[in-house]
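The values are calculated or read from the model by the stated rules, or taken from the named source; none is laboratory data. What you are looking at is a predicted structure, and each value in this text was computed from that prediction instead of being measured. Every residue, glycine among them, receives a Cβ derived from its backbone with ideal geometry; neighbour counts consider all protein chains shown. Each accessible area value is taken on the protein alone, full model and side chains, heavy atoms only, with ligands, DNA and RNA left out. Shrake-Rupley method; radii C 1.70, N 1.55, O 1.52, S 1.80 Å.
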Amino acid sequence: MLVEERRNELNGYRDLRVALLGCGSVGAQVARLILEHGDELAARAGARLTLAGIAVRNIDAPRDVDLPRELFTTDAERLVQSADIVIELMGGIEPAKTLILEALQGGADVVTANKALLAAHGRELADAAEQVGAQLSYEAAVAAAIPILRPLRESLAGDHITRVLGIVNGSTNYILDRMDRFGDSAEDAMRVAAELGYLEADPTLDVEGYDAAQKATILASIAFHTEVPVEAVYREGIASITLAQVETAKQAGYVIKLLAIAERITSADGTDGVSARVYPALINRDHPLAAVHGGKNAVFVEAEAAGELMFYGAGAGGAETASAVMGDLVSAARRHVIGGPGLPGSLHAELPILPVGEVSTAYQIMLDVQDQPGVLAAIAGILAEHGVSAASVTQSVAEDTAGQATLVIGTHVAREADLAATVEALRASSFVVGVTSMLRLEGQA
């Protein structure tokens, strides 16, 4: 009897039509969850979520999940026009952008995981949603299953966030982790990552830091209520990281991680602004981010009142990413039931975006130098000339490099511009054979 009463109660809910654009690994899982958990989702959302259709390029393409064929269509525009909520999982800029704008302008809420589109046109999409009171949600765009955007946008909205740094690309973390824990060369680690499906079809998106830069844009914009264009994110990838660098870092008590960093900083002339950057950096082995292994993601947040917070979990995967999409879907459905406008974006602080030269950090510099008297004193003089001081210096002499030595110099914190000038001066000096490594030290208080 109770079961029958519950069924009647659910049947009495209003119906919300959900359009799904794209049916790859994430889209297929989203469709499965909507179809399999309809009653449970209705109870949570206060409305029955009906999958109105799935727009794809090829209806007959093989898929990870067996879904009813009658749901598929190639007419995405028509599907969008009849929907209350649109889930965009196509990827790319077009036609995703046009379809999302059409959905928002028609009053539909939109859920997307499209980091490339958000990084390039996020402000335009947010403005379109705000103009009509629709909701634009994209929790899955940064770290898949990890809830990080909603905490930044809502839970920490009343706090003063000072820094966000994290591992937001599981592919590069997997590569660097294999090099650190198992001694793989960069080539071997990349090969294994490719075989396991960690790398994009174009691996440069991962290895050169483009994927992480897009996510840094989104994190910085939300954390600091300021539009941060992806072009303003300083970017370095891991293509040049060698096993020798990884081993040297390990000996000094560090691990190398590709980090996305968004930070409030003050420039040399006293300007308060935002820095957004992506690069491989040294992290103390006792820092929480150092323990993030394999393809996992983690985001470390530092706030004035809340202190230090870390969000950790799966940063990729069809089912994992679908979890974040479904959370946004239920939230959008609740808004339809309750009424009122969608939650607008907060990009009104308009802090200036400061160049990487204004960042203060410490360096680890590895040099091959002439093994002769006076070299250390000369190097100390170059550092002092540019306002940089050495925190540590270690030296080794290899048997196959007669007359040469390798120095590893750890610096105290200094401005990036001063450190860069120091490195250029070292390169130009007659006693330096080559600067073989430059890595920044992050995650310090």
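Can you find a residue that is touching a helix residue (DSSP H, G or I) at 6+ places or on another chain (Cβ under 9 Å), assigned to a helix (DSSP H, G or I) and farther than 25 Å from N284 by Cα anywhere in the range 163-171?
no
Can you tell which of V433, V423 is open to solvent by 30 Å² or more (accessible area, probe 1.4 Å) and modelled with pLDDT under 95?
Values: V423 fails: open to solvent by 30 Å² or more (accessible area, probe 1.4 Å).
V433 is the lone residue from the list that is open to solvent by 30 Å² or more (accessible area, probe 1.4 Å) and modelled with pLDDT under 95.
Taking the range 134-146 as the search range and keeping residues that are under 13 Å from I222 (Cβ atoms) and within 18 Å of the chain's Cα centre (by Cα), which one is surrounded by the most Cβ atoms within 10 Å (Cβ to Cβ)? Lay out the reasoning, then the answer.
Taking the range 134-146 and keeping what is under 13 Å from I222 (Cβ atoms), we get 136-139, 141-143.
Filter once more, keeping what is within 18 Å of the chain's Cα centre (by Cα): 137-139, 141-143.
Numbers: S137: 27, Y138: 24, E139: 26, A141: 25, V142: 28, A143: 32.
The qualifying residue surrounded by the most Cβ atoms within 10 Å (Cβ to Cβ) is A143.
For E227, all conditions in the list (1) open to solvent by 20 Å² or more (accessible area, probe 1.4 Å); (2) under 17 Å from the mean Cα position of the chain (by Cα); (3) at pLDDT 95 or above; (4) of a type in the set (D, E) hold save one; what is the number of the exception?
For E227, the exception is condition (3).
Taking the stated definitions as given, is D188 without any contact (Cβ under 8 Å) to a residue 12 or more places away in the chain, farther than 30 Å from H160 by Cβ and of a type in the set (D, E, K, R)?
On the way: without any contact (Cβ under 8 Å) to a residue 12 or more places away in the chain: yes; farther than 30 Å from H160 by Cβ: yes; of a type in the set (D, E, K, R): yes.
For D188, the condition - without any contact (Cβ under 8 Å) to a residue 12 or more places away in the chain, farther than 30 Å from H160 by Cβ and of a type in the set (D, E, K, R) - is met.
Would you be able to tell me the number of residues in the range 89-133 that are assigned to a loop (DSSP other than H, G, I, E, B), in contact with a helix residue (DSSP H, G or I) (Cβ under 6 Å, 6 or more places away or on another chain) and either open to solvent by 50 Å² or more (accessible area, probe 1.4 Å) or of a type in the set (D, E) (or both)?
Our first condition is that a residue be assigned to a loop (DSSP other than H, G, I, E, B); within the range 89-133, this holds for 89-95, 106-108, 113-114, 133.
Cutting the leftovers down to in contact with a helix residue (DSSP H, G or I) (Cβ under 6 Å, 6 or more places away or on another chain) gives us 89-90, 93, 107, 113-114.
Now restrict to residues that are either open to solvent by 50 Å² or more (accessible area, probe 1.4 Å) or of a type in the set (D, E) (or both): 90, 93.
The total comes to 2.
Give me the pairs: first residue in the range 36-51 and within 25 Å of Q81 (Cα to Cα), second residue open to solvent by 50 Å² or more (accessible area, probe 1.4 Å) and part of a helix (DSSP H, G or I), beta-carbon distance under 7 Å, and six or more apart or on different chains, which are they?
Once the first residue is within 25 Å of Q81 (Cα to Cα) and sits in the range 36-51, its partners that are open to solvent by 50 Å² or more (accessible area, probe 1.4 Å) and part of a helix (DSSP H, G or I) give A45/R334; A45/V337; G46/R334; G46/V337; A47/V337; L51/L35.
Can you say whether R32 is within 29 Å of V142 (Cβ to Cβ), under 32 Å from the mean Cα position of the chain (by Cα) and either among the aromatic types (F, W, Y) or modelled with pLDDT under 95 (or both), as far as the supplied structure shows? Walk me through it before giving the result.
Working: within 29 Å of V142 (Cβ to Cβ): yes; under 32 Å from the mean Cα position of the chain (by Cα): yes; either among the aromatic types (F, W, Y) or modelled with pLDDT under 95 (or both): no.
Against the criterion (within 29 Å of V142 (Cβ to Cβ), under 32 Å from the mean Cα position of the chain (by Cα) and either among the aromatic types (F, W, Y) or modelled with pLDDT under 95 (or both)), R32 does not qualify.
Can you tell me how many residues within the range 150-162 are open to solvent by less than 20 Å² (accessible area, probe 1.4 Å) and not in a helix (DSSP H, G or I)?
2
Taking the range 273-286 only, how many residues are touching a strand residue (DSSP E or B) at 6+ places or on another chain (Cβ under 8 Å) and either open to solvent by 10 Å² or more (accessible area, probe 1.4 Å) or acidic (D, E) (or both)? Before the answer, list the steps.
Filtering the range 273-286 down to residues touching a strand residue (DSSP E or B) at 6+ places or on another chain (Cβ under 8 Å) leaves 273-285.
Still in the running and either open to solvent by 10 Å² or more (accessible area, probe 1.4 Å) or acidic (D, E) (or both): 284-285.
The number of residues fulfilling the criteria is 2.
Only one of these conditions is not met by E70: (1) surrounded by fewer than 22 Cβ atoms within 10 Å (Cβ to Cβ); (2) modelled with pLDDT of 95 or more; (3) touching a helix residue (DSSP H, G or I) at 6+ places or on another chain (Cβ under 6 Å). Which number is it?
Condition (3) is where E70 drops out.
Please find, among A213, A244, A239, the residue that is among the aliphatic types (A, V, I, L, M), farther than 18 Å from Q364 by Cβ and either part of a loop (DSSP other than H, G, I, E, B) or at pLDDT below 95 (or both). Break it down into steps so the answer makes sense when it comes.
On the way: A213 fails: either part of a loop (DSSP other than H, G, I, E, B) or at pLDDT below 95 (or both); A244 fails: farther than 18 Å from Q364 by Cβ.
A239 is the lone residue from the list that is among the aliphatic types (A, V, I, L, M), farther than 18 Å from Q364 by Cβ and either part of a loop (DSSP other than H, G, I, E, B) or at pLDDT below 95 (or both).
Quick one: which of A47, A31 is open to solvent by less than 20 Å² (accessible area, probe 1.4 Å) and within 15 Å of V111 (Cα to Cα)? Break it down stepwise before answering.
On the way: A47 fails: within 15 Å of V111 (Cα to Cα).
It is A31.
Among the residues of the range 336-380, how many are closer than 30 Å to A157 by Cβ and not hydrophobic (A, V, I, L, M, F, W, C)? Reasoning before the result, please.
Initial filter on the range 336-380 (closer than 30 Å to A157 by Cβ): 336-356, 358-361.
When the remaining residues are screened for being not hydrophobic (A, V, I, L, M, F, W, C), the result is 336, 339-342, 344-346, 348, 350, 352, 355, 358, 360-361.
Counting residues in the range 336-380 that are closer than 30 Å to A157 by Cβ and not hydrophobic (A, V, I, L, M, F, W, C) gives 15.
Is there any pair linking a residue in the range 13-24 that is within 16 Å of E40 (Cα to Cα) to one that is open to solvent by 10 Å² or more (accessible area, probe 1.4 Å) and in a loop (DSSP other than H, G, I, E, B), with Cβ under 6 Å and at least six apart or on different chains, and which?
Going by the 6 Å Cβ cut-off, the qualifying pairs are L16/D84.
Just a yes or no: is a residue in the range 335-357 over 30 Å from L33 (Cα atoms), free of Cβ contacts under 8 Å to residues at least 40 places away in the same chain and either open to solvent by 30 Å² or more (accessible area, probe 1.4 Å) or polar (S, T, N, Q) (or both)? Write out each step before concluding.
Here is the first cut: in the range 335-357, the residues over 30 Å from L33 (Cα atoms) are 346-357.
Of the ones still in play, those that are also free of Cβ contacts under 8 Å to residues at least 40 places away in the same chain are none.
There is no residue in the range 335-357 that is over 30 Å from L33 (Cα atoms), free of Cβ contacts under 8 Å to residues at least 40 places away in the same chain and either open to solvent by 30 Å² or more (accessible area, probe 1.4 Å) or polar (S, T, N, Q) (or both).
Test R44 against the criterion of being of a type in the set (K, R) and either within 15 Å of R32 (Cβ to Cβ) or out of contact with any Leu (no Cβ under 8 Å at 6 or more places or on another chain) (or both), and give yes or no.
On the way: of a type in the set (K, R): yes; either within 15 Å of R32 (Cβ to Cβ) or out of contact with any Leu (no Cβ under 8 Å at 6 or more places or on another chain) (or both): yes.
Judged against the criteria, R44 is a match.
Return the total of residues in the range 172-201 being at pLDDT 95 or above and part of a loop (DSSP other than H, G, I, E, B).
Adding up the residues that qualify gives 3.
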